[in-house]
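Report on the structure given below.
The values are calculated or read from the model by the stated rules, or taken from the named source; none is laboratory data. Being a predicted model, the structure only gives us computed values, none of them experimental. Here the Cβ positions follow ideal geometry from the backbone for every residue, glycine too, while neighbour counts run over all protein chains shown. Heavy atoms of the whole protein, side chains included, go into the accessibility calculation; ligands, DNA and RNA do not. Shrake-Rupley method; radii C 1.70, N 1.55, O 1.52, S 1.80 Å.
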Amino acid sequence: MDTSQREKKFERLPTVVRPKSYKIHIKPSLEKFTFQVIESINVLINDPVDRITVNSVGLKYSKVELQHSNGDVFTPETKLSVEDETLSLFFPNPLATGSATVSFECSGTLNDDTKGFYRSSLRNDKSKYMAITQFESTYARMCFPCWDEPLIKAVFDITITAPKGCTAVSNMPVKDEVVESNGERTMIFETTPLMSTYLVAMCVGEYEYIESQTSDGVKLRLYTEPGLVNQGSFALEFTAKVLAFYKDYFGISYTLPKLDLMAAANFVGAMENWGLMLYHDHELLIDPVNSTKSRKQSVALTVAHEIGHMWFGNLVTMEWWTHLWLKEGFATYLQWYCCAHFFPEFELWTQFLGRQIYAYELDSLEGSHPIEVPVTHPSQIFEVFDSISYTKGSALIRLIQNYIGDSEFRKGLNLYLTRHQYKNTITEDLWEALEEVSSKPVRSVMYTWTSQKGFPLITVDAVHSPDHSSKPNTRTLNISQKKFSFTDFSSGEADSSLWLVPLSYYKSNSPTEIVKDIVLDKRETTIEVTNVSDDEFVKFNPDVVGFYRVKYPAEVLQQFLPSIKSKTMSALDRVGLVDDLFALARAGESDTAQFLKFIQEFSDEDNYVVWSTISNCLRKIKTLLANTELENSLDAFGRNLFKNIAKKIGWEAKENESYLDGKLRPLLIYDQCITFNDEEALKEATKRFQDHLQGVSVISNELKSTIYSAAMLNADEAAFEHMMKMYKECNISEEKDRIGEALCCCRNEQLLIKALEFAISDDVLIPNGCDMIISVTRTKLGRDVAWKFLQENWQLIYVRFKHHFMLPAIVNSILCHFSKEEKVVEIENFMAGHEHSFVERKIKQVCGSIRQNADWLKRDFEGMKSFFLIN
């Protein structure tokens, strides 16, 4: 289905009839995997109509009735549209204006597709299930008929009848409870605030919980299946801290009387339902025996993200999915800002830049999209749940916070949230509030960042004017901008994109004195920098607070090196320089040999994020050079570059080592063993794995994933089957993830096919299956095998993974690393014959990436060859 077809067919619901309140009684069966619904919706009829249309899909109806406030009662004719996911009610004559109650009785199936109202097996007992909801973005209609659009808010009165031995949880506290004669429990919940349907939540099952209460009386509970609740202590404790932090930051309290956190084995990611947040259990729980230290960071970031939505998304909601970034960009910014406050030892803003790299990369492709992207069909919604909406969105929030200052930024957020609470907004509403309090041209500046895709390349050149000698220690710089792009293959025309860019810089003689009163509003300009000698540098975009890349002359890059080696330049700036230079090489603005020469100067670097960035760059070059004569040369270069830091960090954790050193160790071992084929490191990893299996020694949690994967590289079928047995017998979420990843690291084609078949089987939960498929693509052999497997199993994979972020991630990981033009033709021909509307944008992006790879390899191959001959 092409885009034009989707745009022609889809229409948002008519709003001449709007819901004011829903009363919903749900009764699920965890034996039959069904549920019954009795529902009444109080609506307001604004104009006479003879048809009412609601969203509905997959439900069977036994009763539909409308009772008007004037006393008239109607049993309308009904028509279900599977294609439009609607139920239309037809009346013989136009209904009078006023209020009415629409009543439904219907039933549905508790599916296992992780959407709508569905079933999730328990981690520790696969024969038992819980029923849970995931209604974002358009799946409330799978549970009850409704106006399933974020703009059409209402209040909800939820009643749930839970099976004997089970309990029910929803958005609000329990108001009343009745125990039926057969042991069932009917739980009646308090009325919700005005909210969108995608935020409604219900969970039914056998649960344990721990609880606490905030200083201002909000009741907190964390629910798990039996036997896991002790792993939730950190998340529950941190929830109280985050609520207090956000209350202080926004000047607005959390508005509900309670906030619950629910862990489930078969849930994708996490979801910010108001008053009842749902999480995949590994996003929420920390096993004191089996979890890594990094899990604490991961859980903290996820909890802070979802709680941030209580303000951005729930209290104030985007008008339509076009403005998705208003909630996801903000929640992403808030998670890093909040956690950086509580955990300074994590150096989170440096790690944030490591994540921002992926948004840069996606936004450099011709198939990217503006932050504010028109969503004209529901099938497009999940395609914009990507690093543009999340990470670029959060980077632009960081940019504007830096531009207007934190004090004015907080005042603006308070104004925005207060002015629009319980309502819907568009992007301009936020800019209006920030501009109002700061008196800066926020709207005009930020419009250039949200309305067009991509970002600028800022080029800095020294101007050698005749009067240079008359102005000693003064440097005139020419600053210009153009759109940064990995070659645009769609047109030969010059790009007309122009941004209003808040620029900032510092001088090497005064790195703490940041100048940031410049907005570049044209193609180029000149600025004068005083009190800077010829041997000192001027560094733009300090700590990479601006979402742009910077290109310097080669001589300026040389001036940076002493500060890089001495580490007087911040880790953020070191990361930014490495990634900018690598991106410039990929885009043809520099060359890869220059980049390789530059990073040779980092042999004594010790920061995890800097090394992670270098690793990411070298892995991409490794992929580019796969099956060429230069692959082994790149391996030797990598082994030599990583030699000093690998020796320093070693295989064993050191007493009182920093948190980031603990993260650096598995990164280095992975690259030694898997990326650069270091035989000594691989031998050591294999020995440690065998000793671990035999009980001679124990691998630390931090190294298990890396060592398991390394040990499986050369596994035979017996070793593979042993690892498969370990996976099936394991009930520990984190350990299961490690084993699954290792199964997909083999260098044996038949074993990789076995791993892929297992990944899409019912023995593997959907989120874990996605992770396994992605893991296969880490090698050239794996990508070739995975592409063939994807084609042979497209329908199964498409249906299984299409309703979440997972399908675009799978498609991207398999296809984006190819580097031959003919592969684009092969992909396009395949997709032309198969339904792919849920990944249409992603297919365009990966094809652009492949073309860029082909161009990059052709352009820089000889230069890299010459470099490796002398290095």
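General remarks:
- Volume of the Cα convex hull of the range 497-542, divided per residue and given in Å³: 83
- The region of the chain that goes longest without hitting one of the trypsin sites (Lys or Arg not before Pro) in a DSSP loop, each with at most 12 other Cβ atoms within 10 Å, is 165-521.
- Here the range 167-193 and the range 831-861 have alpha carbon centers that stand 51 Å from each other.
- Computed over protein heavy atoms with a 1.4 Å probe, the carbon and sulfur contribution to the accessible area of the range 65-192 reaches 45%.
- For the range 61-95, applying the loop criterion from DSSP together with a ceiling of 12 other beta carbons within 10 Å to the GluC sites (Glu not before Pro) yields GLU83.
- Sites listed here are GluC sites (Glu not before Pro) in the range 612-684 whose DSSP assignment is loop and whose Cβ has at most 11 other Cβ atoms within 10 Å: GLU629, GLU652, GLU655.
- Counting every pair of alpha carbons in the range 174-231, the share spaced more than 14 Å apart comes to 72 percent.
- Environment charge of LEU477, counting only residues whose C-beta is closer than 10 Å and scoring Lys/Arg +1, Asp/Glu -1: -1
- Surface analysis of the chain yields an accessible area of 38 Å² per residue, using protein heavy atoms and a 1.4 Å probe.
- Calculated FRET efficiency, ALA240 to SER866, Cβ-Cβ distance, R0 = 56 Å: about 0.40 to the nearest 0.05.
- Degrees between helix 393-404 axis and first principal axis of the chain (Cα, 0 to 90, nearest 10): 70
- Applying 1/(1 + (r/R0)^6) with R0 = 25 Å to the Cβ-Cβ distance of ASP521 and ASP406 gives a FRET efficiency near 0.55.
- Neighbours of GLU828 by Cβ distance under 12 Å: Lys/Arg scored +1, Asp/Glu scored -1, total -1.
- The chain: angle of helix 806-815 to the longest principal axis, Cα-based, in degrees nearest 10: 30
- Centroid-to-centroid, using Cα positions, the range 376-411 and the range 529-589 are 25 Å apart.
- Added length on full extension, which subtracts the Cα-Cα distance from 0.36 nm per residue, VAL82 to ILE38: 13.7 nm
- Extension gain for VAL825 to ARG419 (0.36 nm times residue separation, less C-alpha to C-alpha distance): 141.0 nm.
- Across the range 439-590, Cα-Cα pairs farther apart than 19 Å form 57% of the total.
- Hydrodynamic radius (Kirkwood) for the chain, which is based on Cα pairs only, to one decimal in Å: 29.1
- Take the Kirkwood radius over Cα pairs of the range 207-279, plug it into Stokes-Einstein at 25 °C and 0.890 mPa s, and you get 193 µm²/s for translational diffusion.
- In this structure, the residue pairs whose Cα-Cα separation is over 24 Å, taken from LYS654/LYS780; LYS780/LYS842; LYS471/LYS507; LYS423/LYS516; LYS683/LYS865; LYS258/LYS293, are LYS654/LYS780; LYS423/LYS516; LYS683/LYS865; LYS258/LYS293.
- Charged neighbours of ILE797, selected by a Cβ distance under 15 Å, balance to -2 (K, R count +1; D, E count -1).
- Computed helical MRE - 222 nm, the chain, DSSP H runs ≥ 4 contributing -39500 (n - 2.57), nearest 500: -13000 deg cm²/dmol
- Sorted largest first, extent of the range 300-400 alpha carbons per principal axis (Å): 43, 33, 23
- The range 118-139 and the range 239-291: distance between their alpha carbon centers, rounded to Å: 18
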